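The values are calculated or read from the model by the stated rules, or taken from the named source; none is laboratory data. Since the structure is predicted, the reported quantities are computational estimates derived from the model, not experimental observations. No Cβ is skipped: glycine too gets one built from the backbone with ideal geometry, and neighbour counts run over all protein chains shown. The accessibility values were calculated without ligands, DNA or RNA, using every heavy atom of the protein model including side chains. Shrake-Rupley method; radii C 1.70, N 1.55, O 1.52, S 1.80 Å.
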Amino acid sequence: MPTLVKCPITRLKIGQYVAEISQQMGQIKVSSPGWISDNTIIHELVAKGVVEVIVDTEKQLTKGLSNHELAVKSEFNDVPFEDELPRAKLAIEKLITHLQKAFSQIREKDIFDVSPFYLATMTFIASGYRNPSALLCIVRAMTFEDYQLGHAIRTAAYYCNTFRVMKWPSDLIQDWIVGALLHDIGKLHMKQSIQQPNRLTINQTTREQDNFISPAHVENGINIARQIGGLAKETIEVIRMHHERLDGSGYPTGQKLTDINDAIRIFTIIDEFDRLMHTPIKGKYPTAIQAYQTLLKMEKQFDFEILQQIIKCIGIYPPGSLVLLKSGRVGIVLGHHGSTVKPDIKLIYDNRLHQHINVATLSLSKNKETDEIIDFYAKDTFSDLVERYL
């Protein structure tokens, strides 16, 4: 009879036989039990969010048994939105706490503790893979006083959402997501007009003048990443390449993206998409549609096919958007299922009567539904949107 013992993932060793996964943050399963033949398998389990496994202590790997390696399989079935929502909130809160601490330590001494930050990122990814809309909805509905913090979290959520919808395996994306979270760390020592470009108090002349300085943040970021140590090459590549463009018009090298992998092509679009929506033009912040329109006009700079895929992944009305319906009702976009213009919406307000209404969920994609979105709605009235309605 086998002797089964629980083993934390941090103590798992080459040669041990894994019977099953006992604790995890993601959604994977053992396709077939087997031996840990090398560190690659352990790294795969860690990347997928496995915390603890059950090992058979009576079995030990010997030569000739490598054909019976442990096999794990990712799951792409969505957990219902309402079920994932509380877990997504906890994952985001945890990551924000560690990211705030990391940014604070970088501003002070250009270094921070990577281990707990990585664990928080894994939890974040696991939630995004259980339901990509829940994570993105909360992040986009939040208000961040620190632009750098908000930009990092939002781009990571967009990145995770896109990878998940495109069905990239979760074990391949962790280092890219860490790169999204850290891509602008080179700005953390620069002047406030560069760190906080969303502030309406910064005039357009100052913002344009400072753009000549901002390319330096890429080299700054790479230097900080080297001092931190332990960051994967994919993470550093995001820091290095996020302002390069397909036609060579980007910086700092002007390198063309024709030979660059899809992960970087995806992130250059996501980074610019979020920047466009959170940098005011004549005192107003562009909507997602306006940001998409701007990106579509920059077809030489970005991969047009990937841009089209990102629009489909995120939606014309991304989760977390506040929208006005033809009926006069106002709601929060929760997600979309097959239609980028007919999402599910949580109704919260009547704009004609100027009063709150009983919260209810409306699916615009249903055949008999006649209401429709006519515009985005400014969320100034709902500054505590996440806490009150999600």
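Looking only at residues of the range 297-326 that are of a type in the set (Asp, Glu) and either in a loop (DSSP other than H, G, I, E, B) or touching a residue at least 60 places away in the same chain (Cβ under 8 Å) (or both), we find that the one that is most open to solvent (accessible area, probe 1.4 Å) is Glu299.
Taking the range 327-390 and the strands (runs of 3 or more DSSP E) fully enclosed by it, the elements with 3 or more residues that are open to solvent by 70 Å² or more (accessible area, probe 1.4 Å) are at 355-363.
Residues in the range 222-233 that are assigned to a helix (DSSP H, G or I) and surrounded by fewer than 19 Cβ atoms within 10 Å (Cβ to Cβ): Ile222, Asn223, Arg226, Gln227, Lys233. For the range 1-37, filtered to residues that are among the charged types (D, E, K, R) and either under 19 Å from Ser115 (Cβ atoms) or modelled with pLDDT of 75 or more (or both), the residue that is most open to solvent (accessible area, probe 1.4 Å) is Arg11. Being open to solvent by 20 Å² or more (accessible area, probe 1.4 Å) and under 20 Å from Ile310 (Cβ atoms), is that true of even one residue in the range 138-150? Yes, the conditions are met somewhere in the range 138-150. Cβ-Cβ contacts under 9 Å between residues 6 or more apart (or on different chains), taken from a first residue in the range 211-232 that is on the phi > 0 side of the Ramachandran plot to a second residue that is surrounded by fewer than 14 Cβ atoms within 10 Å (Cβ to Cβ) and modelled with pLDDT under 90, are listed as Gly229/Ile111; Gly230/Ser115.
I'd like the residue in the range 362-386 that is β-branched (Val, Ile, Thr) and at pLDDT below 95 and, out of all such residues, is farthest from the chain's Cα centre (by Cα). For the range 362-386, the residue satisfying everything is Thr370.
In the range 288-300, which residue that is modelled with pLDDT under 95 and in contact with an Asp or Glu (Cβ under 9 Å, 6 or more places away or on another chain) is farthest from Thr201 (Cα to Cα)? Only one residue tops the list, namely Lys300. Within the range 356-390, being over 17 Å from Cys137 (Cβ atoms) and either in contact with an Asp or Glu (Cβ under 7 Å, 6 or more places away or on another chain) or among the acidic types (Asp, Glu) (or both) holds for Ile357, Glu369, Asp371, Glu372, Asp375, Asp380.
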